[in-house]
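Each reported figure results from applying straightforward, stated rules to the coordinates on display, with no laboratory input. Worth saying up front: this structure is predicted, and the values here are computed from it rather than measured. Please note: Cβ atoms are built from the backbone with ideal geometry, for glycine as well, and neighbour counts cover all protein chains shown.
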């Protein structure tokens with residue numbers, strides 16, 4: 001009897017050991033905690049999305065539990081903006097190049113300073129819940145203004161400088177092929193920028209803490225840029241000139257890029273952004289200018305005025321760069337996610353403006369100043385996944 005009981009005990013023990021070998025414990029206790037996230041949690045819902053695998057990624061690789069798949073973000077922008085290769089005016093000095101031959105020599109160039117102004121960006125996205133794919137639509141708006149004022153001793157005539165006289169001339173106050181010298185000059189630059197992007201992207205987890213999102217999509221952008229310039233002589237010689245330049249540029253095309261993110265803790269990450277776009281669109285440029293004055297003998301000289309328009313289509317390229325710090329956390333049993341970003345961005349729109357500065361003798365053979373539009377600065381972003 002004892003031998004039979006011993007045999008039964010040996011068989012039962014062998015069966016338990018075999019069963020335990022068929023289901024070995026996980027290699028790391030953190031895996032079990034990670035997999036528990038995939039199980040149904042009554043506090044959230046009764047049909048959670050399954051985990052992709054039981055790897056402990058930071059943050060978790062799978063989508064949020066029981067969410068709708070949408071996310072919203074709102075960004076406060078504090079950006080500068082300026083146009084490169086945009087000499088607004090020059091300070092000249094009368095130099096005697098040869099006996100009885102006096103001409104202007106440029107001693108300095110005046111440019112607009114980069115001014116800082118607030119802007120906004122807002123977006124709506126949707127995580128498809130299928131292999132990391134998502135789609136994202138966003139709109140960006142900025143408004144920038146800059147002004148410039150300069151005064152010198154001034155010449156006695158707007159037509160020419162005598163020896164050692166100082167004057168200010170501007171390519172935007174030129175009428176036809178004629179340029180004029182002034183004692184004081186003021187100008188204002190205004191820019192309004194709008195951009196709409198639609199992206200189709202996908203996330204790739206290259207390691208437990210590093211994710212890469214690549215995307216491609218469509219971009220539409222349009223700007224309105226105005227320049228107002230005026231010059232005047234001194235009180236003894238009344239003369240003034242003014243000009244208004246209006247540029248309207250728009251384009252539609254393709255955009256593509258990638259966004260790497262490195263999570264160095266459960267809640268903090270460094271992120272980057274690089275994208276490039278090619279857009280095809282229209283450039284409209286218009287200039288209106290006039291000059292009026294009275295000679296020293298109080299005989300008024302002719303009132304000169306000019307108006308010129310240019311309209312053409314061209315291809316433009318845009319590059320976007322960004323870098324920043326991100327704080328990210330999930331709430332309510334991983335049902336919602338909140339992210340807060342603080343970063344810096346640079347953007348450049350190549351060959352943005354084509355401004356007419358010389359219309360030729362008969363309004364033909366127009367000469368342009370072609371400038372790039374550069375803007376960027378601080379970005380504060382709040383994102384909410386639900």
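The per residue volume of the convex hull around the alpha-carbon atoms of the stretch 67-385 is 150 Å³. Modelled label positions at residue 209 and residue 228, each set 7 Å beyond Cα in the direction of Cβ, lie 5.6 nm from each other.
With just the Cα atoms defining each centre, how far is the stretch 305-322 from the stretch 366-383? Give it in Å. Cα centres, the stretch 305-322 to the stretch 366-383: 13 Å.
Working from the alpha-carbon coordinates of the stretch 111-270, get Rg over Rh, Rh being the Kirkwood radius.
Values: Rg = 25.5 Å, Rh = 20.2 Å.
We get a ratio of 1.26 for the stretch 111-270.
Under the criterion of Cα pairs below 8 Å and six or more residues apart, the relative contact order for the stretch 67-385 equals 17 percent.
Extension gain for residue 265-residue 309 works out to 10.1 nm (0.36 nm per residue, less the C-alpha to C-alpha distance).
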